[in-house]
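The values are calculated or read from the model by the stated rules, or taken from the named source; none is laboratory data. Owing to the predicted nature of the structure, the values given are computational and were not obtained by experimental measurement. Using ideal geometry, Cβ is built from the backbone for each residue, glycine included, and neighbour counts are taken over all protein chains shown. Accessible surface areas use protein heavy atoms only, side chains included; no ligands, DNA or RNA. Shrake-Rupley method; radii C 1.70, N 1.55, O 1.52, S 1.80 Å.
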Amino acid sequence: MTNPLPFFQDQSKDAARAFRMALKAMAMPGKIQNFQVIDGLPTPLSIAGATLILVFCDFNTKIFLGETFRNKNVEDWINFYTGAKISGDKNVDFAVGHIQELLPFHEFPIGTDEYPDRSANIVIENTSNDVKSFSINGPGIKETLHVELPEKIIERESAISFPLGIDIFLTKENLVMGLPRTTIVET
Amino acid sequence: MSNSEEDFNFAYLDEQTKRMIRRALIKAICIPGYQVPFASREMPMPYGWGTGGVQVTAACLQETDVLKVIDQGSDDTTNAVSIRKFFERVAGVKTTENTGKASVIQTRHRIPEQVLSEDQILVYQVPIPEPLRFLEPRETETRVMHALEEYGLMHVKLYEDISINGEISTAYAYPVKVNDRYIMDPSPTPKFDNPKMNFCPAIQLFGAGREQRIYAVPPYTKVISLDFEDYPFEASRAEKTCEICGATNTYLDEVVIDDKGTRMFSCSDSDYCNSRKS
Amino acid sequence: MYVAVKGGERAIDNAHRWLEDERRGDRKVTDLSVDQIKTQLSLSIAKVMAEGSLFDPELASLAIKQARGDLIEAIFLIRAYRTTLPRFGVGKPINTDKMIAKRRISATFKDIPGGQLLGPTFDYTHRLLDFKLLADGSIDEFEPGKDTEQMFQHVTQFLNNEGIIETEETSSSEADSPDLTRQPLEIPANRALRLQALTRSDEGFLLGMAYSTQRGFGRNHPFVGELRIGLISVEFEIPELGFNIEIAEIEISECETVNQFLGSKIHPPKFTRGYGFVFGQSERKAISMALVDRALRWKELGEVSDGAPAQDEEFVLYHGDNIQATGFVEHIKLPHYVDFQAELELIRKIRKTAFEAKKDE
């Protein structure tokens, strides 16, 4: 078994900085955080999407890739730098793709009543397309925020009820926004 | 085999372990008040001495952080000193006693008096994360109780307290309900500190190493102490004034100062007290 | 005037220097070498390696020296060190049939193929202090006979051949063998996980639990089918090379018990099993483990639990780890004055209300 090679220049310090951004993104939904710029990424993976994979995935993690991300370059890159397993089905810990490739959300693990944490983290890449203004509320949000989100994000609302759910990172270039299951999204 | 600091990874834990803890932390933030199981590692300090908090801090720390460590509200208590030294050594981060200047604060038994900010993380050391444990010793049972939101037993216990003592007889580790869903143990902080958790701007992370649980409260989240309409929750403190800084609204330590048992009261939050004094 | 207690840092430094001084003890006496510990306190090392979950006699010896002979403290040092080691993969299952045993006995048969091999045992020694050891009495070297150079079939295999004992199921995948040191303990646990927890458990805790089953708290009528101690090789598959290489040779103790049978009018009765496996020469723990393993198996064997402590998986698995236990039990010596203060206020308030109520009567 070969250990994956570090992608970050300073593996532990860069990963720590990136994690703090990701944590802040989930802790304060609707607020945009930015990751450090990295290059040498396989298309169509964004900096933010790639950073989240590097921060959270390893050989204990199964990843689902959306159609357009399922190419040899992306798969080799993930394999080489994280050792994570690419999965054909949706029974995964982590999913990366464009929103239409990831719907319906409830097909990913949503946790169980006793273990709601056994649910997927979903990275919705390139969120600038087909967006709409929504108002969001919930833990981490001081006062109602109005944010642009992919139109189809609303499908998460009806499908699953708290504490079950999936947790979403929205990415674009090196930017990331968190949308944990607790966030109430309304038109 | 040498034993120099260089043999350890930044912030002691290996990257694999940090990723595992970070995955748990994200889930904890997404499910406020729910205890996420995590594969706690053996740390170079004993279980029960803050191994959970230390692992959470280690998984969070970045190079630019300024770390503050308190125990019983004070930066100078022996275990706080020991943990602070550990991180100075294995992460090389700056440390401070000044609450306002810290970006990460690890605490045992207190929440600082000064209101925290959005840019801060408060890490609690937790001995027994399960608020229902004293009513039901079995993990298999309490897990189901949380799943079904079956919290009647807790209310019965608190009510029995009132009927026996005329008061809810829990003075610390007073249970709270988070985001209207999970009952959570705030760690053994005095109940005086409970209101500080409600709508706190800082991220609150809880680590229980021996019990292998991580939980969290995101910023601006509802955290309500359990009570009854006719017996509302009361954030009690000694009805005294700090004899060092004159504060009348802080949590106080009671110190015996002579053989006759004379008492003196002073702020338990040593940084807060010092800042008022100077 | 009261001055807030300062100087925690200096106090800690001084305490550590004092500790080091006491560890070294009288400087007129030669410093104890790690080699001496390694070669002469091998049973202490076995305990430290087993409960530290790390097979390394050298490090175990160092830990014992550093811990001033406090074995739980030494185990703690090893566990903390183990945390920092990367995990490269999973070794191949070891086959104890291939053990070169230095001790191998069965209580269920008078004689067995290969014979009963007593080995270096305290059994049948008279427990009389040997005052010769006070002086530097030299000990004759002992050359074990050829008996100790062979492999033995397991005694339970003879029962197996007759179909009279339950067969052990091998786990089919890695998922069936979770790693307790890498995953949080989850109840109910499968047998592989229970055995892992037991082999790491405190010897004294297991001994007490095992003893309680013999005294009726979850009785399961054990016979020692076989107890064997010896060397076994550990292999690791290198995927790039496509074959296994031997990475270590370790000493282990293994105990298989044959327990009360199970059956019905339709299913012919069979003996059941308990299993113990421990690093190093540690037969007290191997036997205890087998008894507790068997007690914990009541559900899968379709028995009715007596509600005995040793049958209670959650009780046994959560309380057997001496590093967890010692940390939490001892942590109450840390300052708790903030909590105590909160209780103090509360009790004063309740007492005041009670006194006032009494006055009003």
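None of C:46, C:63 is of a type in the set (Gly, Ala, Ser) and touching a residue at least 24 places away in the same chain (Cβ under 8 Å) except C:46. Within region C:251-262, can one find any residue that is open to solvent by 30 Å² or more (accessible area, probe 1.4 Å), over 25 Å from residue C:284 (Cβ atoms) and in the same structural domain as residue C:315 (by TED's automatic domain parsing)? Within region C:251-262 (the criterion being open to solvent by 30 Å² or more (accessible area, probe 1.4 Å), over 25 Å from residue C:284 (Cβ atoms) and in the same structural domain as residue C:315 (by TED's automatic domain parsing)), the answer is yes, since at least one residue qualifies. Checked against (1) in a strand (DSSP E or B); (2) modelled with pLDDT under 95, residue A:168 meets all criteria but (2). Residue check: is residue B:162 at pLDDT 95 or above, open to solvent by less than 30 Å² (accessible area, probe 1.4 Å) and not in a loop (DSSP other than H, G, I, E, B)? No, not satisfied.
Among the residues of region C:267-294, the ones that are more than 22 Å from residue C:96 (Cβ to Cβ) and crowded, with 22+ Cβ neighbours inside 10 Å come to 0 in all.
Residues of region C:142-169 being more than 23 Å from residue C:302 (Cα to Cα) and in a loop (DSSP other than H, G, I, E, B), which ones? Spell out the reasoning first.
The initial filter retains those residues of region C:142-169 that are more than 23 Å from residue C:302 (Cα to Cα), namely C:142-155, C:157-158, C:161.
Listed by number, the residues that qualify are C:142, C:143, C:144, C:145, C:150, C:151, C:152, C:153, C:154.
Restricting the first member to region B:72-89 and to residues that are within 7 Å of chain C (Cβ to nearest Cβ), and the second to residues that are aromatic (Phe, Trp, Tyr), the beta-carbon pairs closer than 8 Å and six or more apart or on different chains are B:72/C:337; B:73/B:251; B:79/B:49.
Being open to solvent by less than 60 Å² (accessible area, probe 1.4 Å), more than 14 Å from chain B (Cβ to nearest Cβ), modelled with pLDDT of 90 or more and touching a Gly at 6+ places or on another chain (Cβ under 8 Å) is a condition met by at least one residue of region C:215-233. Among the residues of region C:74-108, those identified as of a type in the set (Val, Ile, Thr) and free of Cβ contacts under 8 Å to residues at least 24 places away in the same chain are C:83, C:84. Looking across region A:151-165, just one residue is surrounded by fewer than 22 Cβ atoms within 10 Å (Cβ to Cβ) and at pLDDT 95 or above, and that is A:164.
Checked against (1) out of contact with any strand residue (DSSP E or B) (no Cβ under 7 Å at 6 or more places or on another chain); (2) surrounded by 23 or more Cβ atoms within 10 Å (Cβ to Cβ), residue B:56 meets all criteria but (1).
Within the option set C:312, C:360, C:321, being open to solvent by less than 50 Å² (accessible area, probe 1.4 Å), more than 8 Å from chain B (Cβ to nearest Cβ) and without any contact (Cβ under 8 Å) to a residue 24 or more places away in the chain holds for one residue only, C:312. Can you find even one residue in region A:126-138 that is in contact (Cβ under 8 Å) with a residue 60 or more places away in the chain and within 26 Å of residue A:69 (Cα to Cα)? Looking through region A:126-138, at least one residue is in contact (Cβ under 8 Å) with a residue 60 or more places away in the chain and within 26 Å of residue A:69 (Cα to Cα).
Of all residues in region B:112-140, those being over 30 Å from residue B:156 (Cα atoms) and more than 14 Å from chain C (Cβ to nearest Cβ) number 10.
Of the numbered criteria (1) modelled with pLDDT under 95; (2) within 28 Å of residue A:115 (Cβ to Cβ); (3) not β-branched (Val, Ile, Thr), the one residue B:180 fails is (1).
For residue C:306, state whether it is farther than 17 Å from residue C:169 by Cβ, in contact with a Phe, Trp or Tyr (Cβ under 9 Å, 6 or more places away or on another chain), charged (D, E, K, R) and surrounded by fewer than 24 Cβ atoms within 10 Å (Cβ to Cβ). Yes: the conditions hold for residue C:306.
Tell me which residues, restricted to region A:52-74, are aliphatic (A, V, I, L, M) and in contact with a Lys or Arg (Cβ under 6 Å, 6 or more places away or on another chain). Give the steps one after another, and end with the answer.
Let us first name the residues in region A:52-74 that are aliphatic (A, V, I, L, M), namely A:52-55, A:63, A:65, A:74.
Across region A:52-74, there are no qualifying residues.
Return the residues of region B:40-68 that are at pLDDT below 95 and hydrophobic (A, V, I, L, M, F, W, C); say none if nothing qualifies. The answer is B:43, B:45, B:49. Among the strands (runs of 3 or more DSSP E) confined to region B:189-258, the ones with at least 1 residues that are within 11 Å of chain C (Cβ to nearest Cβ) and open to solvent by 30 Å² or more (accessible area, probe 1.4 Å) are located at B:252-256.
Taken as a whole, the condition of being in contact with a Cys (Cβ under 9 Å, 6 or more places away or on another chain) and either over 30 Å from residue C:15 (Cα atoms) or not in a strand (DSSP E or B) (or both) does not apply to residue B:123. Note on region B:259-278: among residues that are open to solvent by 80 Å² or more (accessible area, probe 1.4 Å) and under 23 Å from residue B:116 (Cβ atoms), the one that is nearest to the other protein chains (Cβ to nearest Cβ) is B:277. When residue C:92 is tested against the conditions (1) closer than 27 Å to residue A:60 by Cβ; (2) touching a Leu at 6+ places or on another chain (Cβ under 9 Å), the lone failure is (2). The set of residues in region B:96-111 that are within 13 Å of chain C (Cβ to nearest Cβ) and either among the basic types (Lys, Arg) or surrounded by fewer than 23 Cβ atoms within 10 Å (Cβ to Cβ) (or both) comprises B:97, B:108, B:110.
Restrict the check to region B:203-219 and report whether at least one residue is aromatic (Phe, Trp, Tyr), out of contact with any helix residue (DSSP H, G or I) (no Cβ under 8 Å at 6 or more places or on another chain) and closer than 30 Å to residue B:22 by Cβ. Looking for residues that are aromatic (Phe, Trp, Tyr), out of contact with any helix residue (DSSP H, G or I) (no Cβ under 8 Å at 6 or more places or on another chain) and closer than 30 Å to residue B:22 by Cβ, one finds none in region B:203-219, hence no.
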